[in-house]
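FYI, it's all coordinate maths here, none of it is from the lab. What you are looking at is a predicted structure, and each value in this text was computed from that prediction instead of being measured. Neighbour counts run over all protein chains shown; Cβ positions are idealised from the backbone, glycine included.
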Amino acid sequence: MKQPLDKITWLDREKLKPNNYNPNKVAPPELKLLKISILEDGWTQPIVVNPDYTIVDGFHRWTVSGHKEIYALTDGKIPTVMVETKDASQQKMATIRHNRARGTHGVLAMSDIITSMVEEGVSGEDIVKRLGMEKEEVVRLLFRSGVPKSDVFKEAEFSKAWKPK
Amino acid sequence: MARARQKEYIEANVYEEALDRIRYLYDTFDNIVVNFSAGKDSTAVLNLALIVSKEKNRELTVNFFDEEAIHPPTIEYAHRVCVNPLIKFNWYCLEFKHRNACSNEEPFWYCWDKEKEDVWVREMPDNCITSHPKFTKGMSFQEFSSLLPEKADGLTAILTGVRTQESFRRLKAVSTKKNDNYIARESHVAHCHPIYDWSSEDVWLAVHKFKWDYNKTYDIFNQTKLYNKFLGQRVCPPFGEEPLRGLWIYAECFPEMWVKMLGRVKGVATAWRYANTELYGVGKKVKPDNLTYREWSAVILESYDTVDVNKIKKNLNSLIKRHYDKTNDELPDEEVHPLTGTSWSFICKISIKGDFKGRTGPALEGNAITAQKKLGINSFDEAVRIYGSEEYKNKRFKNK
């Protein structure tokens, strides 16, 4: 059977336009992570558009594709696939399905995976930076596995010496 | 603290009775002030006080302590109350200290912090009070509001919307005295709780029946999974130990403010993701397999900065001391001790939540009672006879 992914087309990002109903809000930390994701891993998924180039899924990836560094990766071209939605409602449903059909990460599994990265030699700062996490999140996930903060976030400097006044 | 008395139901309904209490306050005190949070409970107190102030042709002062990161409809509601000509409305935007339970690195924050104006979640409203000779940065609004009344102006009653349905601590606070039980007087200032016996349903009934204006944040709560869950619908600063479990409401319903909140204090993104999980001390007891709870508590405490951790340790030490004051038994690792209600696993739970106020006392009692029931022990005295140290038994039973 023919699938949308059979034909990936690289288009100038300017050719695409956002839909006017997308309910998905992405806060700055996740937007930043999306940027890191494309910069580190490259384009791994196409943007889904309908025949008049309205975005069905991938609005936020399209948004960050305008950022200088990402733009430079592909000279402003982005991968797209086309879906033929029969009416406006079907298109909206397609958007919602793309947005919502994903899981959440279990606490324990996240804790294990972060701990294993630490064991593999990744520094706490690196996890914070490359996963767009707060230090708080990394510290809590680690203490869940029994790993003390000081094992991972090493104080760079000695503390101040003192004498009685 | 004295023991709480039993409830005795009376003829009057809560609405009539609350009005009578406020009439009594107007007759007894020179000044009446409502501490208004814009929440539903203070809405009830405000409207009741307005009725009585009109009856008696007396003044009504309302103090609103604006805590910066508040739901947008709360602000709109405060603006509507503010212009009521029958009220002397004081809108305070001061640097109150609040708990930030999202973060172990930054466990407190100051609303309207003058040093952080660039990251405030909203602009300060016009005509608000931004400094006061009696205010110093870091006070709580409760402390400050007690300092506000001048002795020269006579006796002042500060009315609040405290209701006993909300917690045992509050129930105890209004159940120890037989007369004037809802009035706690210190010098020329009294804190008064005229709607202490109201339920959430009573508050909403009054709002609808008398068509009182109210904070439309509640309508938004009712459009979410908090529909009709009155006790989960809280209008208060968002980063505290309990409130952080409702951060998702800001993210879902007020995305513009949410973006600002993410940058306001540390840990918000983390708490939003994990507030209702074990990473914030919610749910079943779980620990790493390779550690005991005792060892794990040290790992958790290490995530706090030095100054803050000392405050938490002080509370934990007193828990441990209270345990050994009563028994010679080793503090258990997992199951709580049937006499003292403490265990290292309980200490881990408190460490994760970061109990800075030492509010764990009532929980201990509950823990102990549950443990006693499990073991078929029917009274505290029986538990003392089985588990108590000789010294404690002597102390406990010497007068009996």
> Scanning chain A for GluC sites (Glu not before Pro) in DSSP loops with at most 14 other Cβ atoms within 10 Å, what's the longest stretch left with none?
Replying inline: A:1-83
> Under the rule of -39500 (n - 2.57) per DSSP H run of 4 or more residues, summed and divided by the residues of chain B, what mean residue ellipticity at 222 nm is obtained, to the nearest 500 deg cm²/dmol?
Replying inline: -12000 deg cm²/dmol
> For the protein assembly as shown, what class follows from the C-alpha gyration tensor (a ≥ b ≥ c being the square roots of its eigenvalues): rounded when a/c is under 1.5, otherwise prolate if a/b is larger than b/c, else oblate?
Replying inline: oblate
> Can you list the HN-Hα couplings for region B:335-340, worked out from phi with the Karplus curve (6.51, -1.76, 1.60; θ = phi - 60°), rounded to whole Hz and with x for Gly and Pro?
Replying inline: 5, 5, 5, x, 8, 9
> Say a site is exposed when it is one of the chymotrypsin sites (Phe, Trp or Tyr not before Pro), sits in a DSSP loop, and has at most 14 other Cβ atoms within 10 Å; what is then the longest site-free stretch of chain A?
Replying inline: A:54-157
> In peptide A:20-26, what is the residue-averaged number of other protein chain Cβ atoms found within 10 Å of each Cβ?
Replying inline: 1
>> Which trypsin sites (Lys or Arg not before Pro) in region B:279-309 sit in a loop by DSSP (not H, G, I, E or B) and have at most 15 other Cβ atoms within 10 Å of their own Cβ?
In response: B:K284, B:K285
>> What's the longest uninterrupted piece of chain B once you rule out the chymotrypsin sites (Phe, Trp or Tyr not before Pro) that are loop residues per DSSP with at most 10 other Cβ within 10 Å?
In response: B:10-226
>> Counting only helical runs of four or more DSSP H residues, what would the 222 nm mean residue ellipticity of chain A come to if each run contributes -39,500 (n - 2.57) and the total is spread over all its residues?
In response: -13000 deg cm²/dmol
> Going by a ≥ b ≥ c, the root eigenvalues of the Cα gyration tensor, does region B:1-132 fall in the rounded group (a/c under 1.5), the prolate group (a/b larger than b/c) or the oblate group?
Replying inline: oblate
> Can you list the lysines whose alpha carbon is less than 27 Å from that of B:K398, not counting same-chain residues fewer than 8 positions off?
Replying inline: B:K321, B:K326, B:K373
> Using a cut-off of 17 Å between alpha-carbon atoms, which aspartates and glutamates can reach A:K86, once sequence neighbours fewer than 8 places away in the same chain are excluded?
Replying inline: A:D52, A:D57
> Once Lys and Arg get +1 and Asp and Glu get -1 on their Cβ, which of B:T270, B:W198, B:W212 lies farthest toward the positive end of the dipole of region B:194-295?
Replying inline: B:T270
>> For the pairs A:K25/B:K216; A:K2/A:K129; A:K160/B:K97, flag any whose C-alpha to C-alpha distance is greater than 32 Å.
In response: A:K2/A:K129
> Under the classification rounded if a/c is under 1.5, otherwise prolate if a/b is larger than b/c and oblate if not, where does chain B fall, given a ≥ b ≥ c as square roots of the Cα gyration tensor eigenvalues?
Replying inline: oblate
> What ranking do B:L60, B:L19 get, fewest neighbouring Cβ atoms within 10 angstrom at the top?
Replying inline: B:L19, B:L60
> What average number of partner chain Cβ atoms lie no more than 10 Å from the Cβ of the residues making up A:142-153?
Replying inline: 5
>> With a cap of 11 neighbouring Cβ atoms within 10 Å, and only residues DSSP puts in a loop, list the trypsin sites (Lys or Arg not before Pro) found in region A:35-117.
In response: A:K86, A:R102
>> I'd like the GluC sites (Glu not before Pro) in region B:23-126 restricted to DSSP loop residues with at most 11 other Cβ atoms within 10 Å, sorted by number.
In response: B:E123
>> With the cut-off at 18 Å, tell me which of the pairs A:K32/A:K68; A:K15/A:K77; A:K35/B:K116; B:K116/B:K137 have Cα atoms farther apart than that.
In response: A:K35/B:K116
> Can you pull the mean other chain C-beta count within 10 Å for peptide A:126-135?
Replying inline: 2
